[in-house]
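What follows is one structure encoded as structure tokens, with my remarks underneath.
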Amino acid sequence: MDLRLTKAIQDSIKEALVKFEFSEKHREEAEKISKLDFLTKKTYPVSTDLVEYVAKHLGIHFHELILGSGLYFAPKEVVPQDPKFLAYLDKLRAEQQERDYNKMVSNVITSEDQKFNLGIKPDELKEVKSHIATIFNILFSMVAVYVAVYKVSQSIFSDFGLQVLTALAGSFFIGIVEVILYAKYAYVATSEKKKTKNQKIATL
């Protein structure tokens, strides 16, 4: 186990080198530590065995000698980044920023849009157009059924009033059926859209 070298430990090692004959096991490390320059901000390791060895020879308590020290952890080696990889990351960031900008701008309504779309956002305008088209389809179906039933009723009833009432009944019936079906479709589509939106929010 290594400790963090302090100036006090280094001075003690220098003193011990002068006063005592070190064993081969500790001499190399002691001489190397004695030559280190403490003016730099770099930290240096010193083995626990060497500190105990020096403390024993100098008659110092081990815990007194290691005051201000602590466990030594070697600094992580900084791996140089590949310039090509950094350039690729910059390119990805730029593309993502461009996508985000285009998405933001697509939802912005210009003055011309507001003039012709009544201030409705583009994504909402598409849905409004779909509703309007469906309404016209339902009205067209009602008119078509009215005409068809009226023509058929002419061969069944001689009374004009009954012919009109029968045609209106058929027309309103088909209109009600189509409204119910479309309302059911719209409810399912809206529920799925809300569910998808909630899932995206939960993911974020």
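Listing for the model above:
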| quantity | calculated |
| --- | --- |
| Simple spin-label estimate for Phe73 and Tyr185 in nanometres, 7 Å along Cα-Cβ | 6.3 |
| Total formal charge among the other residues, if their Cβ is under 15 angstrom from that of Asn137, Lys/Arg +1 and Asp/Glu -1 | 0 |
| Length added when fully stretched, Gln81-Asp11, from 0.36 nm per residue minus Cα-Cα | 21.2 nm |
| Modelled FRET efficiency - R0 45 Å, Lys19 with Leu89, Cβ distances, 0.05 increments | 0.20 |
| Contour minus Cα-Cα distance for Ile176 and Val164 (0.36 nm per residue) | 2.5 nm |
| Length gained when the stretch Asp37-Ala133 is fully extended (0.36 nm per residue, less Cα-Cα span) | 26.2 nm |
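Every read-out reported here was derived from the displayed coordinates using simple, explicitly stated rules and does not represent laboratory data. Keep in mind the model is a prediction, meaning the values are calculated, not measured. Glycine also receives a Cβ, built like all others from the backbone with ideal geometry; neighbour counts cover every protein chain displayed.
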